[in-house]
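K.L.:
Please find one structure pasted underneath; my questions will follow.
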Amino acid sequence: MRFGVFDHMDRSGGDLHRQFGDRLKLIELYERAGFHAYHIAEHHATPLGMAPSPSVFLAAVAQRTTTLRFGPLVYTVNLYHPLRLIDEICMLDQLSGGRLELGLGRGISPYEVGYYGVDPATGPERFAEASEVILKGLTQKRLDHHGKYFTFTDVPMEMQPVQRPYPPLWYGANSLDSADRLAKQGYNTVVGMKAEGVGAFTARYRAAWKALGRDETQMPFVGLSRHVLVGDTDKEAQSAAKRAFLLWYDALIHLWRAHGVGLPRQLIPEKFEDALAQGYIIAGSPSTVRERMKRDNDIAGINYCLCRLAFGDLSFEESKRSLELFAKEVMPAL
């Protein structure tokens, strides 16, 4: 089992300069605690994402850490020119000495890509082609591609990533049907479902991986993502988690509410108590968190435990204390 941190960098309500500084200090602590990687989301025109340019923030992470791996989860590929994104990927991998984890996706919000003039209806097709171009550009000395959305003829690829043929690939999955494709493509995957749903996904991914004749010990990461807050008592942790979750959830639905519609897939319950009961949030004393995570990890069959440890208006001190308890009293048991 490896452990990772996922971060929306949602607006904390305070000074943004201070939020960036506090988060970088926390990331240094993630490294010391033994986390495998730090993953940051990309969102635009919404308080859900105060790091809309992941590469800029991750360049700072590269300089503040030495062993922690990091990357976007995910780059919203349809908002980039492929040549520009290839350059950013190579720069981050070089700056960090080969520690980049490369998440690619098309973006979940039609409003965010719409603001950039991208037709959401073309999303899947455009993403597939852009991803093909990006992986070509990371592996070839000169780029040739003639497709529906992009055409390149003999473009020199002056930069290369440290990791060959390219950094490990990541994808955020919310449907069981994507397991076969992601196994075939060799993507590490984070699944946004309850433990039982993740368990079904993991079993299907593992079966598809084995059916391809691949070594099961070399299977990529399949992870379960959830909010985690550890405190000295259940009451203390759940009180802080509820306060912060409500602010985070308000940011999550911000654009959908502004356009007068509900989320297309209501994966995470709106009520804190429901989210807690269903395991989307795990908050409590070390023993409470430890036992719930052990149970859910076993059901999910995962090999990657992805935690949101900073969200909403949690202060630096609250997140630091939670991390200390998690690293000391929860991680070793898992």
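K.L.:
What's the number of the condition Ala203 fails, among (1) assigned to a helix (DSSP H, G or I); (2) in contact with a strand residue (DSSP E or B) (Cβ under 9 Å, 6 or more places away or on another chain)?
P.N.:
The single condition Ala203 does not satisfy is (2).
K.L.:
Would the stretch 165-188 turn up any residue that is out of contact with any Cys (no Cβ under 8 Å at 6 or more places or on another chain), surrounded by fewer than 13 Cβ atoms within 10 Å (Cβ to Cβ) and among the small types (Gly, Ala, Ser)?
P.N.:
Yes - at least one qualifying residue is present in the stretch 165-188.
K.L.:
Among the residues of the stretch 275-303, count how many are over 14 Å from Met193 (Cα atoms) and either part of a loop (DSSP other than H, G, I, E, B) or out of contact with any helix residue (DSSP H, G or I) (no Cβ under 7 Å at 6 or more places or on another chain) (or both).
P.N.:
Total satisfying the criteria: 7.
K.L.:
Could you please find all residues in the stretch 48-66 being within 23 Å of Val190 (Cα to Cα) and touching an Asp or Glu at 6+ places or on another chain (Cβ under 6 Å)?
P.N.:
Answer for the stretch 48-66, where residues must be within 23 Å of Val190 (Cα to Cα) and touching an Asp or Glu at 6+ places or on another chain (Cβ under 6 Å): Leu48, Pro54, Ser55.
K.L.:
Could I ask something else about it? In the stretch 206-223, which residues are of a type in the set (Asp, Glu) and either touching a strand residue (DSSP E or B) at 6+ places or on another chain (Cβ under 7 Å) or under 20 Å from Leu104 (Cα atoms) (or both)? First the steps, then the outcome.
P.N.:
First pass over the stretch 206-223, keeping only residues of a type in the set (Asp, Glu): 215-216.
Within the stretch 206-223, none qualify.
K.L.:
Which residue pairs have Cβ atoms closer than 6 Å, lie 6 or more positions apart in sequence or on different chains, and pair a first residue in the stretch 205-219 that is under 23 Å from Asn174 (Cα atoms) and touching a residue at least 24 places away in the same chain (Cβ under 8 Å) with a second residue that is in a helix (DSSP H, G or I) and not hydroxyl-bearing (Ser, Thr, Tyr)?
P.N.:
Between residues of the stretch 205-219 that are under 23 Å from Asn174 (Cα atoms) and touching a residue at least 24 places away in the same chain (Cβ under 8 Å) and residues that are in a helix (DSSP H, G or I) and not hydroxyl-bearing (Ser, Thr, Tyr), the close pairs are Tyr205/Ala179; Tyr205/Ala183; Ala208/Asp180; Ala208/Ala183; Trp209/Ala183; Met219/Trp209.
K.L.:
Another one. What tally of residues in the stretch 28-68 results from selecting those that are of a type in the set (S, T, N, Q), over 24 Å from Arg106 (Cα atoms) and in contact with a Leu (Cβ under 8 Å, 6 or more places away or on another chain)?
P.N.:
Filtering the stretch 28-68 for residues of a type in the set (S, T, N, Q) gives 46, 53, 55, 63, 65-67.
Those left that are additionally over 24 Å from Arg106 (Cα atoms): 63, 65-67.
From the residues that got through so far, the ones that are in contact with a Leu (Cβ under 8 Å, 6 or more places away or on another chain) too are 63.
The number of residues fulfilling the criteria is 1.
K.L.:
Another question, if that's okay. Check off (1) more than 18 Å from Phe127 (Cα to Cα); (2) over 13 Å from the mean Cα position of the chain (by Cα); (3) outside any helix (DSSP H, G or I) for Ala59 and give me the number that stays unchecked.
P.N.:
Evaluating Ala59 over (1) more than 18 Å from Phe127 (Cα to Cα); (2) over 13 Å from the mean Cα position of the chain (by Cα); (3) outside any helix (DSSP H, G or I) leaves (3) as the failure.
K.L.:
Continuing with the same structure: Please find, among His259, His227, the residue that is modelled with pLDDT of 95 or more and closer than 19 Å to Pro47 by Cα. So that I can check it myself, show each step before the final result.
P.N.:
Working: His259 fails: modelled with pLDDT of 95 or more.
Of the residues listed, the single one that is modelled with pLDDT of 95 or more and closer than 19 Å to Pro47 by Cα is His227.
K.L.:
How about the stretch 71-184: which strands (runs of 3 or more DSSP E) wholly inside it have at least 2 residues that are in contact with a Gly (Cβ under 9 Å, 6 or more places away or on another chain), modelled with pLDDT of 95 or more and closer than 17 Å to Ser55 by Cα?
P.N.:
Numbers: elements: 102-105, 142-146, 151-156, 169-173.
Once the strands (runs of 3 or more DSSP E) in the stretch 71-184 are filtered for at least 2 residues that are in contact with a Gly (Cβ under 9 Å, 6 or more places away or on another chain), modelled with pLDDT of 95 or more and closer than 17 Å to Ser55 by Cα, what remains is 102-105, 169-173.
The values are calculated or read from the model by the stated rules, or taken from the named source; none is laboratory data. All values derive from a computational prediction rather than experimental measurement. When we count neighbours, we look across all protein chains shown, and the Cβ atoms used for this are built from the backbone with ideal geometry, even at glycine.
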